[in-house]
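Beneath this line is the structure, given in structure tokens, with notes to follow.
The values are calculated or read from the model by the stated rules, or taken from the named source; none is laboratory data. In this text the structure is predicted, and so the values were computed from the model without any measurement. All Cβ positions, even for glycine, are placed from backbone atoms using ideal geometry, and neighbour counts span all protein chains on display. These accessible areas exclude ligands, DNA and RNA; they are computed on the full protein's heavy atoms, side chains included. Shrake-Rupley method; radii C 1.70, N 1.55, O 1.52, S 1.80 Å.
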Amino acid sequence: MIQGKISGVNGPVIYVKDQMDFMVGEMVYVGNEKLVGEVISVTTEFTTVEVYEDTTGLKAGDIVYGTGSAMAVTLGPGIISNIFDGIERPLGEIGKKTGKYIGRGVSVTSLDEEKLWDTTMMISVNDVVKAGQIIATVPEGRAVVHKVMIPPDISGKVVSVVENGQYKIWDTLAVVEDRHGEKHKITMAQKWPIRVPRPYASRSYANRPLITGQRIIDSLFPLAKGGTAAIPGGFGTGKTMTQHQLAKWSDADIVIYIGCGERGNEMTEVLEDFKKLVDPRTQNPLLDRTVLIANTSNMPVAAREASIYTGVTLAEYYRDMGYHVAIMADSTSRWAEALRELSGRLEEMPAEEGFPAYLASKLSSFYERAGHVNTLSQKEGSITIIGAVSPQGGDFSEPVTQNTKRFIRCFYALDKSLAYARHFPAIQWLTSYSEYVDDLATWYNKNVDENFMNDRNEILRILTEESKLNEIVKLIGSDVLPDDQKLTLEIARVIRLGFIQQNAFHKVDTYVPLRKQFLMMETILYLYKKAAALVKMNMPMSYIREHSIFDHIIAMKYDTPNDDDQPFETYRKEIDAFYDHFIETNA
């Protein structure tokens, strides 16, 4: 074990002098309490280490112990339903040792190494196995079947294998002899460095949506499985609530929620809420297919920087089993602030607003690990990354938001005025966008309806037209507008209140399947068509607007069940009756 002595301490950054045997990226233990750290730079004069725990009390001359291996996480059964800190230490086990406050230098294993897991083997002696191949299955709770895989750097012939039974995560399940004659013990668990992406066979096109049940996302700004999205917004605009809805209702197999630098009371609320959430698929707790990584704002800043890499590495592990994983990172702004603090302590040249010049490359190293892939075991898996951004004062021109936009393809801009008006989700449709629309158009037209994308485009056109008309209304009032433009404003109101606005606490409206979303759009546009025909006949809009049909259509989101198309036929008949009423009156 390589050892060095501390020559200087600067917050979470320490310096080791006259020791050049450490490697960049190497995990080290610092001081008598064996605080966890990582080597971030090596020169002929100094080795620089960032420490993932509070460095209070460290002094010059304290020993730094090298491990010879990179900062890594343990991958194996027991990850699901667990709550970790930023470097994969289980907070439950830490709590048992230190109480409510995390102590320094606490040594706990990431996963339970004594628990016995029911293991079903899928290989036999003399089988030839390849890297990433699934060799056994282990039930991991009620919702996830854990698939034991050959490590990505091993392949060869099986020379021994255990019988089906109960085993611990580090018990040898099989022995594989490679082409050089070297034998490798295969266990349920494996280590993987957090900053190194796990390999896969090939990357495929993002051609299927991540279905969330949220109308403004699924219909107007769709997100692909394996895609990337950002949810920027100021304080109180609903970033965390939006991510909650996506975590609960999206059709991802596994959800990884990374609380990166958020307020402690907010993170506590998240942890408590996730325990109460019921998985709509199985009616079991949502935690049965969720991993939580909690790194609050008062935890060591260096661990905050590592937490998102820990989360995405866990996601890649389950992706390699053939699962579709969704990552909620809340928030990447706090992570960027950790980068800024560490960069300042390292006396690096600052860029815009004090952030390091490599902010963009760090963001890309996170978001680029998303994707829809064919795994080494020839299965289909994906990682979808949804990152919350917290720009100060809601200013989207600040560096984190602007650099994030370079690497994501969905931008869900939360609007303070919408949130204060109790319009949720507070996603502003004029500034949000999705670059997956063309990629997913074929899927929507084939699996929902061939008119789906046309209806979506027409809805957005009306909303855009409303925005232009509102500028005129602000200047000279709405009375001077011609009736066809007044109708546009009225239909836009129906779209905003009856389609875009969605109640997360309503048993019907909290989740809406794609079929119902399409029928809602069709109904609104059918009302628009019939009302426009009346306007062309010189029917006054002031007269038309008095009819109750507009408010009736707004209420359809609550009044129609999610699995029945029949009510929409009734709505069409009511719209026809509305049209006939004015025709007869005019006659």
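Before moving on, here are some points about what is shown:
- When the helices (runs of 4 or more DSSP H) confined to region 492-587 are screened for residues that are among the polar types (S, T, N, Q), those reaching at least 3 such residues are found at 566-586.
- Within region 49-75, the set of residues being more than 23 Å from residue 298 (Cα to Cα) and assigned to a strand (DSSP E or B) comprises 63, 64, 65, 66, 67, 68, 69, 70, 72, 74, 75.
- Taken together, 61, 86, 66, 37 contain a single residue that is open to solvent by less than 10 Å² (accessible area, probe 1.4 Å), more than 30 Å from residue 325 (Cβ to Cβ), small (Gly, Ala, Ser) and touching a strand residue (DSSP E or B) at 6+ places or on another chain (Cβ under 7 Å), which is 66.
- Check on residue 23, part of a strand (DSSP E or B) and not small (Gly, Ala, Ser): no
- Pair list, Cβ under 8 Å, 6 or more apart: region 1-12 residue assigned to a strand (DSSP E or B), other residue open to solvent by less than 50 Å² (accessible area, probe 1.4 Å) and among the hydroxyl-bearing types (Ser, Thr, Tyr): 3/65; 4/47; 9/55
- Selected residue (only one of 279, 273 is open to solvent by 40 Å² or more (accessible area, probe 1.4 Å) and in contact with a helix residue (DSSP H, G or I) (Cβ under 9 Å, 6 or more places away or on another chain)): 273
- Qualifying residue in region 69-84 (condition: more than 30 Å from residue 312 (Cβ to Cβ) and more than 27 Å from the chain's Cα centre (by Cα)): no
- Contacts under 8 angstrom Cβ, first residue in region 352-377 being in contact (Cβ under 8 Å) with a residue 40 or more places away in the chain and among the acidic types (Asp, Glu), partner open to solvent by less than 20 Å² (accessible area, probe 1.4 Å) and outside any loop (DSSP other than H, G, I, E, B), 6 or more apart: 352/399; 353/399
- Of all the residues in region 452-485, those that are more than 42 Å from the chain's Cα centre (by Cα), among the hydrophobic types (A, V, I, L, M, F, W, C) and under 20 Å from residue 533 (Cα atoms) number 1.
- Being touching a Lys or Arg at 6+ places or on another chain (Cβ under 8 Å), among the small types (Gly, Ala, Ser) and under 24 Å from residue 506 (Cα atoms) is a property that residue 413 lacks.
- All positions within region 104-144 that are open to solvent by 60 Å² or more (accessible area, probe 1.4 Å), in contact (Cβ under 8 Å) with a residue 24 or more places away in the chain, out of contact with any Lys or Arg (no Cβ under 8 Å at 6 or more places or on another chain) and part of a strand (DSSP E or B): 118, 120
- Test: residue in region 422-439 that is over 22 Å from the mean Cα position of the chain (by Cα) and in contact (Cβ under 8 Å) with a residue 40 or more places away in the chain: yes
- Count of residues meeting criterion [under 30 Å from residue 50 (Cβ atoms), at pLDDT below 90 and assigned to a strand (DSSP E or B)] in region 270-329: 2
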